[in-house]
Each structure stands twice: as structure tokens, then as C-alpha cells.
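Read the structure below first, then the notes.
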Amino acid sequence: MALRSMDALNVEGRRVLLRLDLNVPLKDGKVGDETRIREAAATVRALAQRGAVVIACSHLGRAKGKPDPALSLAPVAPALARLLGRPVRFVPDVAGDVAKRADVYVNDAFGSAHRAHASTAGVARLFKERAAGPLMAREIAALSRVRDNPERPFVAVVGGAKISGKLETLTALARLADTVVLVGGMANTFLLAEGVAVGRSLVEADLVGTAKEILAGAAARGTPVILPTDAVVATGTDAPAHTAAVGAVGPQEMILDIGPATRARIAGILATARTVFWNGPAGVFEKPAFAAGTLAIATALAASAAFTVVGGGESVAAVQQAGVADKLSHVSTGGGAALEFLAGDPLPGVAALEEGA
């Protein structure tokens, strides 16, 4: 994939429109998590040190087509200023107005690259000189290595609540990977497809047929699909929990995490892998009683010698909670963008940069 690097641009004395991902959580008008701002600050600092005048823009939340004061970036400006150690002025303009003031364009917001936003796809094409920022470049390099040239064995671990939001990616990974490990709520639908009773567990009954097709396709290619053999179950997320074989889940019980035997099996698979991509938790991760499976995957990844890529908000939160983020090859900031990239879908934000390379 040919993208012009930010380092290749002449930015001295020029105004750079920099698209960042500052979509951070706000609470009572204050930034709740500065991780994305810290990452963005490094890019702003690099441009400023080269003599650029940086005009940064981002989205925050989903405004549903009209201005929403609660989604203003105003609280982000002082946090960015503090991290940079220099003034940052908040300008409440839309992207088209700001673009008129800039000379070159840099997109460093991979997490929004799959959206055809004005600031990621539309405005970019107004600039003859446009490039990918360092975060964008690292994301594309890591995900390209997984998708296009993985060292084998390649293991894909996919979790989360539903198949429907990851269907294209799951189908693609079933073709690309040597082993597919399914956990979380989506695994319940596959268990049901294999005739295993899952009680009151979350399932997508309308996708049982699709699950059967994915399993049949993987079997025809000789690709193992690993499903949970035991689980942590309860009648509700606040009810007492116990471990049970997946075939012994009671009619009023729900599968809320993978069990110890499944955790050990997954750890063994990851220990021999050379490339691993993980997206999606193994259970109701936000509840401590059902977080052990997700944290076990994070720990096993950290111990693996494989090239490891983790994407998706809950998976990223898990590796941070487990204290192993720095032991992984790449922690992706783009959940949906990473999934669409691996599925082979064109990303509007990246396509706009390719056209200008």
C-alpha cells in the first residue's frame, strides 16, 4: 500500500491540517481517558518541531447530523496544551472552513478511516499534498502484515457479543488464519449451530445458518475452529456463578465467560502461534466475576513469541488492565477500521491518502 509519509512533506512555515482521533470519553465536561490525546500530542509535537503551524481537527461522539454542545472538543484543548507544554486554541469551525486556511493535510486518525467523514475523505482531496501520520502508518503496516503476509501458524481470536457486527471479518479470517478461536457471546451462536444447548445465553438465532456455513467452509479448508468446552455460567450477571461444561448449561443459565479448561487450551494454541490477531472479549468483561477469560487471553498473548495485534475497545482495555500492553507487537486504536481493513474493505480515509501518494 503506497502512502506518502508525513516525514516526506515540507512543513516548515506551512499550515498543516492534522486530522486526529480525539474521540475521548468525557465526564462532567472533563476528559476521562487521555490515552488518545497523549498519542496525538506526539504527532503535533513532531510537526511543530519542524516549524509547522498545526491546525488539529477531530470528531467527538456522534452528533446525529446537528451540533451538540455536549460533544464539543473544547475540553480536549487544555488537556492537549498541558501535554504539549504550549498553548492550544480551540476554534469551533467545521472542517471545510478550517481547510481553507491550511496548506497541507495529514491524517493520523486510523480509528475513523473507515468512515467517509468530511475531515477524513472529503477535505483530504482538496489538498494536493496529503500524507499519513505516524500512527496511521503504524496501524496500516501492522494490519497489512497480518492480512497480507502473516508468519504461520496464524491464529485469529475473535470474541464479543455478536457475529453480525463482525461477519465479513470473521469470514475473511476463517480463510486467512490457520486456526480460528471463537469466544464471547458470538461463540454461543456457533455452539448452537453444532447442536449444543446454551440455555438463556445470548445468541443470534437468525445467524445459526450462517455459523453453520462458516464452520463447514473452515472444515473443508482444514482450518480448525476452536469453541469453548467449558464456561462460567450464572442466571444473571449479578447472580452467583459456577463453571460447567458447555453441554451442561442449565435452561435458565447464561454463558458469561470461558472456563478454565478453555483458557488453558487457548493459551496452548497461542504459545505455538507466530502471528495472532485478537478482537473482542471472552465474556462480560466489565464484571470482575466474568473477566478471567479475557484477562487470560491477554496474558497468554503477552507470553507468546508471535507477532501480536490486538484491536477493539474491550480487548485493548483488557491488555491495559492486565498490564501487558507494552509486551504486544501492536495495540490498534481502530476497532471497526481494523476489522474492515482485515476483511479487505476499502477505507475511505486511507483511499483518499493513496490517491495523493
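The values are calculated or read from the model by the stated rules, or taken from the named source; none is laboratory data. These numbers were taken from a predicted model, which means no experiment stands behind them. Note that each Cβ is placed from the backbone with ideal geometry, even for glycine, and that neighbours are counted across all protein chains shown.
Quick check on region 82-99: of everything there that is over 28 Å from the mean Cα position of the chain (by Cα), among the aliphatic types (A, V, I, L, M) and assigned to a loop (DSSP other than H, G, I, E, B), which residue is modelled with the lowest pLDDT?
V91
Considering (1) touching a Phe, Trp or Tyr at 6+ places or on another chain (Cβ under 6 Å); (2) closer than 27 Å to R175 by Cβ, say which one I269 fails and leave the rest.
Here I269 meets the rest and fails (1).
Could you list all residues from region 36-51 that are in contact (Cβ under 8 Å) with a residue 60 or more places away in the chain and either among the hydrophobic types (A, V, I, L, M, F, W, C) or more than 16 Å from M136 (Cα to Cα) (or both)?
Initially, region 36-51 is screened for residues in contact (Cβ under 8 Å) with a residue 60 or more places away in the chain, giving 36, 39-40, 42-43, 46.
Passing the criteria: A40, A42, A46.
Among the residues of region 316-357, which ones are in a loop (DSSP other than H, G, I, E, B) and either in the same structural domain as A172 (by TED's automatic domain parsing) or under 23 Å from T120 (Cα atoms) (or both)?
S332, T333, G334, A343, G344, D345, P346, L347, G356, A357, listed by residue number.
With the condition kept exactly as written, say whether any residue in region 258-270 is in a loop (DSSP other than H, G, I, E, B), touching a helix residue (DSSP H, G or I) at 6+ places or on another chain (Cβ under 9 Å) and either aromatic (F, W, Y) or farther than 25 Å from L176 by Cα (or both).
There is at least one residue in region 258-270 that is in a loop (DSSP other than H, G, I, E, B), touching a helix residue (DSSP H, G or I) at 6+ places or on another chain (Cβ under 9 Å) and either aromatic (F, W, Y) or farther than 25 Å from L176 by Cα (or both).
Within region 275-282, is even one residue of a type outside the set (K, R), in a helix (DSSP H, G or I) and either surrounded by 23 or more Cβ atoms within 10 Å (Cβ to Cβ) or not assigned by TED's automatic domain parsing to the domain that holds L170 (or both)?
At the first step, the residues of region 275-282 found to be of a type outside the set (K, R) are 275-282.
If we keep only those that are in a helix (DSSP H, G or I) too, we end up with none.
Looking for residues that are of a type outside the set (K, R), in a helix (DSSP H, G or I) and either surrounded by 23 or more Cβ atoms within 10 Å (Cβ to Cβ) or not assigned by TED's automatic domain parsing to the domain that holds L170 (or both), one finds none in region 275-282, hence no.
Given (1) farther than 27 Å from F285 by Cα; (2) surrounded by fewer than 21 Cβ atoms within 10 Å (Cβ to Cβ), where does L167 come up short, assuming only one miss?
Every condition holds for L167 apart from (1).
Evaluate region 170-180: report whether one residue or more is outside the structural domain of R221 (by TED's automatic domain parsing) and modelled with pLDDT of 90 or more. Outline the logic, then answer.
Kept after step one, since they are outside the structural domain of R221 (by TED's automatic domain parsing), are these residues of region 170-180: none.
There is no residue in region 170-180 that is outside the structural domain of R221 (by TED's automatic domain parsing) and modelled with pLDDT of 90 or more.
From the residues in region 301-344 that are of a type in the set (D, E, K, R) and in contact with a Ser or Thr (Cβ under 9 Å, 6 or more places away or on another chain), which one is surrounded by the fewest Cβ atoms within 10 Å (Cβ to Cβ)?
The extreme case among them is K327.
Using the structure shown, decide if A244 is part of a helix (DSSP H, G or I) and either in the same structural domain as A193 (by TED's automatic domain parsing) or out of contact with any His (no Cβ under 6 Å at 6 or more places or on another chain) (or both). If you could, list the steps in order and put the result at the bottom.
Details: part of a helix (DSSP H, G or I): no; either in the same structural domain as A193 (by TED's automatic domain parsing) or out of contact with any His (no Cβ under 6 Å at 6 or more places or on another chain) (or both): yes.
So A244 does not fit the description; no.
Test V319 against the criterion of being farther than 20 Å from A172 by Cα, β-branched (V, I, T) and touching a strand residue (DSSP E or B) at 6+ places or on another chain (Cβ under 9 Å), and give yes or no.
Values: farther than 20 Å from A172 by Cα: yes; β-branched (V, I, T): yes; touching a strand residue (DSSP E or B) at 6+ places or on another chain (Cβ under 9 Å): yes.
Yes, satisfied.
Answer with yes or no whether A121 is at pLDDT 95 or above and either in contact with a Ser or Thr (Cβ under 8 Å, 6 or more places away or on another chain) or more than 30 Å from A231 (Cα to Cα) (or both).
When the stated conditions are applied, A121 does not pass them.
Exactly one condition in (1) touching a Leu at 6+ places or on another chain (Cβ under 7 Å); (2) at pLDDT below 95; (3) not in a helix (DSSP H, G or I) is not met by K162; state its number.
The single condition K162 does not satisfy is (1).
Failed condition for T189, given (1) at pLDDT 95 or above; (2) in the same structural domain as A231 (by TED's automatic domain parsing); (3) not in a helix (DSSP H, G or I); (4) not hydrophobic (A, V, I, L, M, F, W, C), with all others met?
Among (1) at pLDDT 95 or above; (2) in the same structural domain as A231 (by TED's automatic domain parsing); (3) not in a helix (DSSP H, G or I); (4) not hydrophobic (A, V, I, L, M, F, W, C), the lone unmet condition for T189 is (3).
Would you point out which residue out of V183, V106 is in contact with a Pro (Cβ under 9 Å, 6 or more places away or on another chain), surrounded by 24 or more Cβ atoms within 10 Å (Cβ to Cβ) and in contact (Cβ under 8 Å) with a residue 12 or more places away in the chain?
V183
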